[in-house]
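A short worksheet on the structure shown next.
The values are calculated or read from the model by the stated rules, or taken from the named source; none is laboratory data. Only a predicted model underlies this, so the values are computations on that prediction, with no experimental measurement involved. Note that each Cβ is placed from the backbone with ideal geometry, even for glycine, and that neighbours are counted across all protein chains shown. Accessible surface areas use protein heavy atoms only, side chains included; no ligands, DNA or RNA. Shrake-Rupley method; radii C 1.70, N 1.55, O 1.52, S 1.80 Å.
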Amino acid sequence: MVDSSRSHIYPPLDKSSSKIRLIHLQPRSRNNNIICQLCIVDLDADDLKYEALSYEWGETNISRSILLNGKEFSVRENLWSALTYLRHDEVERVLWIDAICIDQSDKGERNHQVGLMAQVYSRASRVVVWLG
């Protein structure tokens with residue numbers, strides 16, 4: 001079942017392809033909001049450049065808000081901390097983060113994207129590990 005409150009944030013993915021979503025983590029803002037934009041890319045593209053984030057998801061009962069495609073989006077506190085630390089002062093950063101790039105409320109998408117994870121991590125220009 002797809003959660004309609006989240007599905008309006010996610011552009012649909014073709015589950016018969018190797019397309020994934022990436023986030024463009026915007027530079028620090030004056031009001032300190034974490035702002036991200038989603039885009040869809042093909043893992044087979046030659047010019048693909050992104051970093052993958054590997055991190056411990058953390059407590060389920062503690063969350064913070066970010067702006068994702070202009071909408072409030074809840075993430076666990078450990079991911080919020082990682083995003084706060086990883087964003088640059090003046091340029092955006094392109095990242096693949098499972099909890100954001102995969103629509104976790106869509107079981108079919110989740111299963112398909114898990115099948116691509118080895119390729120996602122191997123194609124990343126760098127894998128960043130966040131332990132908190």
Problem set entry | R110 open to solvent by 70 Å² or more (accessible area, probe 1.4 Å), charged (D, E, K, R) and under 21 Å from H8 (Cα atoms) | yes
Seminar exercise, completed: The number of residues in the stretch 74-107 that are open to solvent by 20 Å² or more (accessible area, probe 1.4 Å), in contact with a strand residue (DSSP E or B) (Cβ under 6 Å, 6 or more places away or on another chain) and either in contact (Cβ under 8 Å) with a residue 40 or more places away in the chain or of a type in the set (A, V, I, L, M, F, W, C) (or both) is 4
For this session: Looking only at the stretch 23-35, decide whether some residue is open to solvent by less than 50 Å² (accessible area, probe 1.4 Å), without any contact (Cβ under 8 Å) to a residue 60 or more places away in the chain and not in a loop (DSSP other than H, G, I, E, B).
Result: no
Exercise. From K49, K71, which residue is within 15 Å of the chain's Cα centre (by Cα), farther than 16 Å from L22 by Cα and open to solvent by 70 Å² or more (accessible area, probe 1.4 Å)?
Worked result: K71
Exercise. Among the residues of the stretch 79-101, how many are hydrophobic (A, V, I, L, M, F, W, C), over 20 Å from N61 (Cα atoms) and touching a helix residue (DSSP H, G or I) at 6+ places or on another chain (Cβ under 9 Å)?
Worked result: 3
Problem set entry | Scope the stretch 74-104; condition over 15 Å from L22 (Cβ atoms) and assigned to a strand (DSSP E or B); matching residues | S74, V75, R76
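Looking at the stretch 37-55, is at least one residue touching a strand residue (DSSP E or B) at 6+ places or on another chain (Cβ under 8 Å), in contact (Cβ under 8 Å) with a residue 12 or more places away in the chain, among the acidic types (D, E) and assigned to a loop (DSSP other than H, G, I, E, B)? Talk me through it step by step, then tell me what you get.
Residues of the stretch 37-55 touching a strand residue (DSSP E or B) at 6+ places or on another chain (Cβ under 8 Å): 37-43, 48-55.
Checking the rest, the ones that are also in contact (Cβ under 8 Å) with a residue 12 or more places away in the chain come to 37-43, 48-55.
With the extra rule that they be among the acidic types (D, E), the set shrinks to 42, 51.
Subsequent filtering for residues that are assigned to a loop (DSSP other than H, G, I, E, B) retains none.
No: the stretch 37-55 contains no residue that is touching a strand residue (DSSP E or B) at 6+ places or on another chain (Cβ under 8 Å), in contact (Cβ under 8 Å) with a residue 12 or more places away in the chain, among the acidic types (D, E) and assigned to a loop (DSSP other than H, G, I, E, B).
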Problem set entry | Among the candidates I100, I66, residue that is within 13 Å of the chain's Cα centre (by Cα), over 23 Å from D42 (Cα atoms) and modelled with pLDDT of 95 or more | I66
Seminar exercise, completed: Among S54, S63, S17, the single one that is out of contact with any helix residue (DSSP H, G or I) (no Cβ under 9 Å at 6 or more places or on another chain), among the hydroxyl-bearing types (S, T, Y) and open to solvent by less than 90 Å² (accessible area, probe 1.4 Å) is S17
